[in-house]
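Beneath this line is the structure, given in structure tokens, with notes to follow.
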Amino acid sequence: QVHLVESGGGLVQAGGSLRLSCVASESTFSSYVLGWFRQAPGKERQFVGCISRSGISTRYTDSVKDRFTISRDNARNTVYLQMNSLEPEDTAVYYCAASSYTYTAVREASFGSWGQGTQVTVSS
């Protein structure tokens, strides 16, 4: 289990940007694939994207491609979610999660450690 703490959420107008951070209290941070998920009110949790252990590889759900970017700093035990061109439909609680699976094998159900979430609200 990895302890994860997200920050950076808030209220932003449509078209604006936010950067979420997620810090892990785990010395083996670089051994985990990190992912971002979101859950809007009344909806199921949705996979946003994930990043490989080295940070070289990323993948995203179609709705955020070309707008969101995941990066990580293994020296700081931190993963980031840069969100640009935000839309009201992006309003949700955003969670980071960690998986001990390899990047090629990881699936949504592979993430076993979760943060508490941070609220992102995009106004129209």
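The values are calculated or read from the model by the stated rules, or taken from the named source; none is laboratory data. Remember, it's a predicted structure, so these values are computed and weren't measured experimentally. Reconstructed Cβ throughout: ideal geometry from the backbone, glycine too, with neighbour counts over all protein chains shown. The area values use the complete protein model at the heavy-atom level, side chains included, leaving out ligands, DNA and RNA. Shrake-Rupley method; radii C 1.70, N 1.55, O 1.52, S 1.80 Å.
Summary table
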| read-out | value |
| --- | --- |
| Pairs of alpha carbons in region 1-72 whose separation is greater than 15 Å (percent) | 62 percent |
| For the chain, Cys with no neighbouring Cys Cβ under 4.7 Å | Cys50 |
| Along principal axes, Cα extents of the chain, largest first, whole Å | 40, 26, 25 |
| Pairwise label distance in nanometres, Ile56 with Ser71, each label 7 Å out on the Cα-Cβ vector | 1.8 nm |
| Cα-centre dipole for the chain with unit charges at Cβ (Lys and Arg positive, Asp and Glu negative), debye to 20 | 220 debye |
| Gap separating the Cα centres of region 1-46 and region 75-124, nearest whole Å | 4 Å |
| Å² per residue, accessible surface of region 1-50 at 1.4 Å | 51 Å² |
| 10 Å beta-carbon shell around Phe29, net charge (K/R +1, D/E -1) | +1 |
| Choice from Arg107, Arg72, Arg38 showing the highest fluctuation, given a GNM over the chain with Cα pairs closer than 10 Å | Arg107 |
